[in-house]
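Structure first, then comments.
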Amino acid sequence: VLGALPALVRFARSWTQRRATVDVVRDQPLIWVVDGLCEQQHVQQLKEILDQQDVSFVRKTDAYVDDMFDERRELQEDAQMLVSMMSSGALQMAPSKYQSDPLRSLLWLAMQRPELLQTSAWDIGQLSTTRRAWCAQWNPEDLARSGFRKSAFRCKVPEEMLSHLAPLVVDVLGAPVQGLPGTDSARGAVAPSWALRDTTVVRYQQDESQVPHIDTSDVTMLLYLSDDGGHTCFPNLGCSIPPREGRILVFCSTSPSNRRFGGFAGSAYGEPLDATMHYGGLMEKCNGEKLIVQLLFAAEDSSLPLDGSWSPALRGAKVREAGRTQNMEAQSMTIPSVARRRQSLVFSNRRCASGCKGLALDLEVPGATKVCVHCWQHPG
């Protein structure tokens with residue numbers, strides 16, 4: 001009997017390794033770390049599908065939150081405005097204190113010497129001002145602490161890849177998902193019906209990360225296809241999840257509610273939770289890339305008595321049968337105190353003098369009241 005113990009121990013270990021595990025980082029808001037559900041062979045298959053995609057159809061998006069904050073975008077805008085003003089000789093007419101800021105110089109000239117500006121320069125200035133005003137809605141301290149500078153490559157998940165992801169989704173949700181073929185096998189399960197809101201493949205390279213944000217969905221599934229890269233960070237909860245090939249991170253950005261947040265079909269059903277603000281941590285020096293697949297789901301109804309948590313709604317058989325641990329995979333976060341990132345904005349803290357809700361431009365123009373860019377463009 002004693003001689004058989006080593007073999008029994010090896011068997012127990014191999015069984016534990018094969019069996020899926022769910023580490024319950026938190027119950028409310030729900031954050032689960034699922035390991036062992038997506039095996040290495042499946043990961044390799046998904047990577048091969050990505051590698052076989054025609055690059056002409058796989059384009060980087062430019063409309064995500066991260067893209068709006070990318071420092072390379074601001075540098076490009078500044079360069080375009082600067083070249084335009086220099087070629088027309090307009091830049092030398094702007095006050096010297098504004099000449100180091102192309103956008104401030106351009107907007108000052110638009111009011112004082114508009115005849116010197118080319119139409120293209122004014123168009124760039126309007127777009128840049130609108131983008132930077134939108135970015136000003138974010139908490140600058142959250143942005144600075146995340147260390148964000150550059151956005152990662154993002155594209156939609158290929159259709160072929162979605163069909164291979166469907167079984168994993170069923171293993172977690174245990175219910176069919178509208179917009180995700182291959183999930184009908186879960187039909188008839190006692191669970192809310194779901195809709196697929198968005199799909200994204202994200203490839204992080206060195207110095208790339210993500211802007212802190214809250215997903216506009218009820219349930220988010222992140223599938224890590226690599227071991228490299230920064231953690232998925234939840235600064236308001238003081239914890240982070242390290243990437244691991246084949247790991248699935250499931251978390252909820254809402255608490256169940258009887259009305260839709262946003263009020264339109266396909267929007268999140270629950271009330272948003274500030275606690276689940278998160279971001280992909282900085283991709284520092286490494287030999288590879290951080291590769292993840294993100295799936296966002298919205299509940300189509302709230303038929304189950306969920307009692308403030310989406311946990312009872314996640315009824316996938318393999319997740320329910322998985323071994324359970326309590327907060328073993330998350331790592332504590334130390335939130336650094338850092339200087340705010342300088343935003344080259346042209347807005348003051350005052351409201352527009354015309355009485356609208358916009359912020360006034362922070363420019364000193366003799367004899368002019370401080371108004372927002374819209375009222376400046378359309379006086380009277």
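Evaluating 6.51 cos²θ - 1.76 cosθ + 1.60 at θ = phi - 60° for every residue in the stretch 82-93, the Karplus couplings come out as 5, 4, 5, 6, 5, 5, 8, x, 6, 4, 5, 8 Hz, glycine and proline recorded as x. Would you kindly state how much longer the chain becomes between ARG19 and ARG244 on full extension, computed as 0.36 nm times their sequence separation minus their alpha carbon distance, in nm to one decimal? Gain on stretching ARG19 to ARG244: 79.4 nm.
Taking all protein chains together and rolling a 1.4 Å probe, MET328 ends up with roughly 140 Å² accessible.
For GLU208, the residues 5 or more places off, or on other chains, whose built amide H falls under 5 Å of its own are MET283. Along the stretch 119-133 the Karplus relation, 6.51 cos²θ - 1.76 cosθ + 1.60 evaluated at θ = phi - 60°, assigns HN-Hα couplings of 4, 4, 5, 5, 4, 4, x, 5, 5, 5, 5, 4, 4, 5, 5 Hz to successive residues, with x for each Gly and Pro. Our coupling estimate for the stretch 317-328, obtained by passing each phi through the Karplus curve with A = 6.51, B = -1.76, C = 1.60 and θ = phi - 60°, is 4, 5, 6, 5, 8, 5, x, 10, 10, 10, 6, 9 Hz, Gly and Pro reported as x. Using equal-weight Cα scatterers in the Debye expression, the normalised intensity of the stretch 30-149 in log10 at q = 0.12 Å⁻¹ is -0.66.
Which of the pairs LYS156/LYS290; LYS290/LYS318; LYS47/LYS156; LYS150/LYS370 have their Cα atoms more than 21 Å apart in this structure?
Working: LYS156/LYS290 16 Å; LYS290/LYS318 26 Å; LYS47/LYS156 14 Å; LYS150/LYS370 33 Å.
Checking Cα-Cα distances, LYS290/LYS318; LYS150/LYS370 exceed 21 Å.
Taken along its principal axes, the alpha carbon cloud of the stretch 102-189 reaches lengths of 68, 32, 22 Å, longest axis first. Taking amide H positions as modeled 1.01 Å from N, with prolines and chain starts lacking one, no residue 5 or more places away or on another chain lies under 5 Å from ALA322. Backbone amide hydrogens, once placed in the peptide plane, bring VAL177 within less than 5 Å of THR183, excluding anything fewer than 5 places away on its chain. Treating the Cα atoms of the stretch 196-249 as identical point scatterers in vacuum, please give the log10 of the normalised Debye intensity I(q)/I(0) at q = 0.13, 0.16, 0.24 Å⁻¹, two decimals. The calculated log intensity ratios at q = 0.13, 0.16, 0.24 Å⁻¹ are -0.35, -0.54, -1.27.
The values are calculated or read from the model by the stated rules, or taken from the named source; none is laboratory data. Quick caveat, the model's predicted, so the values are computed rather than measured. What goes into the accessible areas is simple: the full protein's heavy atoms, side chains included, and nothing from ligands, DNA or RNA. Shrake-Rupley method; radii C 1.70, N 1.55, O 1.52, S 1.80 Å.
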